Amino acid sequence: MDSSNAPDQLLRAQLMQVLSGIEPWDDQEQTHLAATAEWITSGAPLYRTLKPATPAKHLVSYFVVLDETRKELLLAAHRKAGLWLPSGGHVEPAEDPWHTVRRECREELRIEAVPASITGDRPTFLTVTRTRGQGQHTDVSLWYVLRGEAGQVTSFDETEFDAIKWLSLDQVLATPEDTLDPHMHRFTRKLMSLLALQEHAVMASGHQEKTCLT
């Protein structure tokens, strides 16, 4: 391997490791994961270097703040997209996507990024999406889940968002798809499944502990 290209190859290998930790929710996510793996290993540019859309396909980190007690998600009304979206931002060249989450969380929501107990600091979902409006491009988005509390976010980046709101998981699914990120319903269903598995594991552990005590 050319030593001058070693840092880039290492970054691509790390991204492939991140992808390997995402269990596909459905056929669409399986397709997106396969296409993204091919894109990463092809040597194509991965990061946006010039706003709004150079190169035309680039890496993004989404982060969805979850109130783990109330089972509510925080969404923001994105000015340019005209949609209710999770917060997030473009991954800078050579930046770890989790570091993007930490940076953007401070900038957009004025809070520190705390990984959700269900996912840790690894992405749980991946999408490939063609954006709308001016400067159309393709976002390859890694979706992270953060832990927060309803009412915790008291200010936000008003240059990016018109408003924010907390919605229960059922309310997200009841919201028309054309007002949300096009994959928001799929993400929510996947998250609901993961939460149900977590709850089942906690109950089984409690039952096992109770059995051992008796």
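Which residue out of Gly82, Gly135, Gly151, Gly120 is out of contact with any strand residue (DSSP E or B) (no Cβ under 7 Å at 6 or more places or on another chain), at pLDDT below 95, surrounded by fewer than 17 Cβ atoms within 10 Å (Cβ to Cβ) and under 21 Å from Arg189 (Cβ atoms)?
Gly120
Return only the number of the condition from (1) aliphatic (A, V, I, L, M); (2) outside any loop (DSSP other than H, G, I, E, B); (3) in contact (Cβ under 8 Å) with a residue 60 or more places away in the chain; (4) open to solvent by 50 Å² or more (accessible area, probe 1.4 Å) that Ala94 does not satisfy.
(2)
Tell me the residue from Thr41, Thr100 that is within 12 Å of the chain's Cα centre (by Cα) and not basic (Lys, Arg), please.
It is Thr100.
Can you pull out the residues in region 154-170 that are outside any strand (DSSP E or B) and either loosely packed, with under 14 Cβ neighbours inside 10 Å or charged (D, E, K, R) (or both)?
Scanning region 154-170 gives Thr154, Ser155, Asp157, Glu158, Thr159, Glu160, Asp170.
Filter region 25-70 for residues that are in contact with a Phe, Trp or Tyr (Cβ under 9 Å, 6 or more places away or on another chain) and open to solvent by 40 Å² or more (accessible area, probe 1.4 Å); which is farthest from Leu197 (Cα to Cα)?
Checking each candidate, the answer is Lys57.
The values are calculated or read from the model by the stated rules, or taken from the named source; none is laboratory data. Computed from a prediction, not measured in an experiment: that's the story for all the values here. Quick reminder, even Gly has a Cβ in these numbers, built from the backbone with ideal geometry, and neighbours come from all protein chains shown. To get the accessible areas, we keep the full protein, side chains included, count just its heavy atoms, and leave off ligands, DNA and RNA. Shrake-Rupley method; radii C 1.70, N 1.55, O 1.52, S 1.80 Å.
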